[in-house]
Amino acid sequence: MTPPLLIRMHPADNVAIVANDGGLPAGTVVDGITLREHVPQAHKVALADLAEGAEVRRYNVVIGRALRALPAGTWVHERVLHMPPARELENLPLATCRPPDLPPLEGYTFEGYRNPDGSVGTRNILAITQTVQCVAGVTEYAVQRIKRELLPKYPNVDDVVALEHSYGCGVAIDAPEAIIPIRTLRNLARNPNFGGEVMVVSLGCEKLQPERLLPPGSIPIGEDDRGGLDVVCLQDEAHVGFESMIDSIMRQAEMHLQRLNARRRQTVAASELVVGVQCGGSDAFSGVTANPAVGFCTDLLVRAGATVMFSEVTEVRDGIDQLTARTATPAVAEAMIQQMAWYDAYLKRGQVDRSANTTPGNKKGGLSNIVEKAMGSIIKSGTAPISGVVAPGERATQRGLLYAATPASDFICGTLQLAAGMNLHVFTTGRGTPYGLAACPVIKVATRSELARRWHDLMDINAGRIADGQASIEELGWELFHFMLDVASGRKKTWAEHWKLHNALVLFNPAPVT
């Protein structure tokens, strides 16, 4: 039988979480404290008597104040805490905490697909871009036929995907903020895993015309043999009936498949990885096991010269002072602050605040509020200096650790990270989610061993071994690093790839709908 175990994140903390599967019953004595009630796994226990109004600390950060007296051994959850206000965006430290320089990590490689624009893909996929939701049904029908009838002829092509979305018409396309969904779609088409083969299906009458989505010069590669963008327009008079539309799409797709099939993997440096890190279905173990291991791996990747993006505005907003202090320059800090301020205003327009972020599952998993959740989320970014900021829909143009400003929604965040050029995704979860992306391998990291055992054919890495005492954060970080190189090389597949679990892309569109 496993002895009772509490995990305290910092010596100054006055709460700790229960590590044991199933929690601990009332009367359990652990670390000299007698539990006054049953405390579920991952939930907090008061380590000392806390008076009404007293600060409650985890990660050495005030995550709330006690709404009533909480004697030592009490279960501390969201209903007994008052959440502190968000940190103001004025007078923040700007590039004041330069982390020590770590030695370069050299000699690590993977087998990837070098693209004409210099980027590298981890997969070799034909993506069919769409200008408007109206064509989604036709495109999906064509994609299924391409997979059945054409793809088997081209064994070096991994997949064919339709970049379906809900944008393109019925929207205020000239509104200032319409640039976000438009550039997102443009940069999705440029993702390194698509090999520069840009193919578009258009309706014909939509607001987002192909030349507006992909103006001349925006795609330096992937133009057809006539020097123009490869567009199948369904309203063209040449299309007589549904089958002729499908025939046109398949005919054009085969040209792209032929070019993609001629490509071969080649050995490239690990610096060509563009990794997006994200968490979803988080619990109180996220900041104890999986996210620290990912953070250690993030440092390894940065040392190897790779690009790593962390995101989710509301899930880092409460640690903005920690992040601006870590930026490489004051200008990067100011760019982060600008993104936070924009998102604060966006939430205010919607008459919500950051407290709306935490889900019932987060709370069931021991996270009392967004402050506590944010402290665990930030750890994914490791300790390297933050070298740049990527605005929503933009493509990353530099290496190192980047902050890609996205909403916290798994699907919108994943979509925006793909647009930023992500070729490999790492996703941590405590409650469990079958999340996956068709355009990019998604490595799932479980925060708890119980979840890893129960979802044994969905979780790729079990970080719960850290809490179990079976592995260190550093050991899990190195394991993840090597697994990433194997997945990027195609030597291993993730469970999401094995089962073909692919969530839909979701655009972030703050502009009005007309």
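The values are calculated or read from the model by the stated rules, or taken from the named source; none is laboratory data. Remember, predicted model here, so these are calculated numbers, not experimental data. So basically every Cβ, Gly included, is an ideal-geometry build from the backbone, and we count neighbours across all protein chains shown. Ligands, DNA and RNA are excluded from the accessible area calculation, which covers all protein heavy atoms including side chains. Shrake-Rupley method; radii C 1.70, N 1.55, O 1.52, S 1.80 Å.
One residue stands out among those in segment 23-42 that are buried (at least 20 other Cβ atoms within 10 Å of the Cβ) and among the hydrophobic types (A, V, I, L, M, F, W, C): the one that is nearest to the chain's Cα centre (by Cα), which is Ala42.
The set of residues in segment 422-439 being in contact with a helix residue (DSSP H, G or I) (Cβ under 6 Å, 6 or more places away or on another chain) and either farther than 20 Å from Ala463 by Cβ or not β-branched (Val, Ile, Thr) (or both) consists of Asn423, Leu424, Arg431, Gly432, Tyr435, Gly436, Leu437, Ala439.
For segment 56-68, residues that are open to solvent by less than 40 Å² (accessible area, probe 1.4 Å) and basic (Lys, Arg) total 1. Within segment 120-144, take every residue that is part of a strand (DSSP E or B) and aliphatic (A, V, I, L, M) and give me the one that is nearest to Tyr167 (Cα to Cα). Only one residue tops the list, namely Ile128.
Please find, among Glu206, Glu223, the residue that is modelled with pLDDT under 95 and charged (D, E, K, R). Give the derivation first.
Values: Glu206 fails: modelled with pLDDT under 95.
Among Glu206, Glu223, only Glu223 is modelled with pLDDT under 95 and charged (D, E, K, R).
Identify all residues within segment 454-469 that are of a type outside the set (D, E, K, R), open to solvent by 40 Å² or more (accessible area, probe 1.4 Å) and within 17 Å of Phe427 (Cα to Cα); write none if there are none. It would help to see each step written out before you state the result.
Filtering segment 454-469 for residues of a type outside the set (D, E, K, R) gives 455-456, 458-459, 461-464, 466-467, 469.
If we keep only those that are open to solvent by 40 Å² or more (accessible area, probe 1.4 Å) as well, we get 455-456, 469.
Matches in segment 454-469: Trp455, His456.
Counting the residues of segment 357-368 that are more than 19 Å from the chain's Cα centre (by Cα) and surrounded by 13 or more Cβ atoms within 10 Å (Cβ to Cβ) gives 6.
In segment 243-262, the residues that are over 17 Å from Leu203 (Cβ atoms) form Cβ pairs under 7 Å with partners that are hydrophobic (A, V, I, L, M, F, W, C) and part of a helix (DSSP H, G or I), at six or more places apart or across chains, as follows: Met250/Ala142; Met250/Ile146; Met250/Leu150; Ala253/Ile146; Ala253/Leu150; Glu254/Leu150; Leu257/Leu150. Kindly indicate whether any position in segment 206-222 is within 27 Å of the chain's Cα centre (by Cα), surrounded by fewer than 21 Cβ atoms within 10 Å (Cβ to Cβ) and among the acidic types (Asp, Glu). No: segment 206-222 contains no residue that is within 27 Å of the chain's Cα centre (by Cα), surrounded by fewer than 21 Cβ atoms within 10 Å (Cβ to Cβ) and among the acidic types (Asp, Glu).
Yes or no, residue by residue, for (1) surrounded by fewer than 24 Cβ atoms within 10 Å (Cβ to Cβ); (2) within 16 Å of the chain's Cα centre (by Cα):
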residue	(1), (2)
Gln417	no, yes
Met422	no, yes
Tyr435	yes, yes
Ala471	yes, no
Glu475	yes, no
Ala488	no, no
Asn503	yes, yes
Val506	yes, yes
Pro510	yes, no
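Among residues of segment 174-192 being assigned to a loop (DSSP other than H, G, I, E, B), in contact (Cβ under 8 Å) with a residue 40 or more places away in the chain and out of contact with any helix residue (DSSP H, G or I) (no Cβ under 6 Å at 6 or more places or on another chain), the one that is least open to solvent (accessible area, probe 1.4 Å) is Ala175. Go through the residues of segment 439-451 one by one and say whether even a single one is closer than 30 Å to Met9 by Cα, modelled with pLDDT of 95 or more and touching a Cys at 6+ places or on another chain (Cβ under 8 Å). Scanning segment 439-451 turns up no residue that is closer than 30 Å to Met9 by Cα, modelled with pLDDT of 95 or more and touching a Cys at 6+ places or on another chain (Cβ under 8 Å).
Of everything in segment 69-104 that is touching an Asp or Glu at 6+ places or on another chain (Cβ under 8 Å) and modelled with pLDDT under 95, the residue that is least open to solvent (accessible area, probe 1.4 Å) is Ala86.
When segment 379-408 is examined, which residues are found to be in a loop (DSSP other than H, G, I, E, B), in contact (Cβ under 8 Å) with a residue 24 or more places away in the chain and more than 19 Å from Ala290 (Cα to Cα)? Before you say what the answer is, go through the steps one by one.
Of the residues in segment 379-408, the ones in a loop (DSSP other than H, G, I, E, B) are 382-385, 391-399, 405-408.
In the following step, the residues that additionally are in contact (Cβ under 8 Å) with a residue 24 or more places away in the chain were identified as 382-385, 391-396, 398-399, 405-408.
Within segment 379-408, Pro385, Ala391, Pro392, Gly393, Glu394, Arg395, Ala396, Gln398, Arg399, Ala405, Thr406, Pro407 meet the criteria.
For segment 45-81, a tally of residues being within 29 Å of the chain's Cα centre (by Cα) and free of Cβ contacts under 8 Å to residues at least 60 places away in the same chain returns 2.
Of all residues in segment 226-236, those being part of a loop (DSSP other than H, G, I, E, B) and at pLDDT 95 or above number 3.
Listed by first and then second residue, the pairs with beta-carbon distance under 7 Å, at least 6 apart or on different chains, first residue in segment 87-107 and in contact (Cβ under 8 Å) with a residue 40 or more places away in the chain, second open to solvent by less than 80 Å² (accessible area, probe 1.4 Å) and part of a loop (DSSP other than H, G, I, E, B), are Ala95/Ala328; Ala95/Thr329; Arg98/Pro385; Pro99/Thr383; Pro99/Ala384; Pro99/Pro385; Leu105/Ala304. All told, Arg431 meets the bar of being in a loop (DSSP other than H, G, I, E, B), farther than 17 Å from Arg317 by Cβ and touching a Ser or Thr at 6+ places or on another chain (Cβ under 9 Å).
Restricting attention to segment 43-53, the residues that are farther than 21 Å from Phe285 by Cβ and open to solvent by 30 Å² or more (accessible area, probe 1.4 Å) add up to 5.
Quick one: would you say Arg448 is of a type in the set (D, E, K, R), surrounded by fewer than 23 Cβ atoms within 10 Å (Cβ to Cβ) and over 14 Å from the mean Cα position of the chain (by Cα)? Spell out the reasoning first.
Values: of a type in the set (D, E, K, R): yes; surrounded by fewer than 23 Cβ atoms within 10 Å (Cβ to Cβ): no; over 14 Å from the mean Cα position of the chain (by Cα): yes.
Spelling it out, it is not the case that Arg448 is of a type in the set (D, E, K, R), surrounded by fewer than 23 Cβ atoms within 10 Å (Cβ to Cβ) and over 14 Å from the mean Cα position of the chain (by Cα).
Restricting segment 110-156 to residues that are in contact (Cβ under 8 Å) with a residue 60 or more places away in the chain and of a type in the set (D, E, K, R), which is most open to solvent (accessible area, probe 1.4 Å)? Please lay out each step first, then the result.
Residues of segment 110-156 in contact (Cβ under 8 Å) with a residue 60 or more places away in the chain: 110-117, 119-132, 134-135, 138-139, 141-142, 145-146, 149-151, 153-156.
Applying the additional criterion that residues be of a type in the set (D, E, K, R) yields 111, 114, 117, 123, 145, 149, 153.
Details: Glu111: 51, Arg114: 91, Asp117: 65, Arg123: 16, Arg145: 41, Glu149: 86, Lys153: 112 Å².
By that ranking, first place goes to Lys153.
Of the residues making up segment 393-406, those that are out of contact with any strand residue (DSSP E or B) (no Cβ under 8 Å at 6 or more places or on another chain) and buried (at least 23 other Cβ atoms within 10 Å of the Cβ) are Gly393, Thr406.
Would you kindly identify the helices (runs of 4 or more DSSP H) lying entirely within segment 242-353 that contain at least 3 residues that are crowded, with 22+ Cβ neighbours inside 10 Å, hydrophobic (A, V, I, L, M, F, W, C) and within 16 Å of the chain's Cα centre (by Cα)? So that I can check it myself, show each step before the final result.
Numbers: elements: 242-261, 290-303, 320-326, 330-349.
Filter on segment 242-353 gives 290-303.
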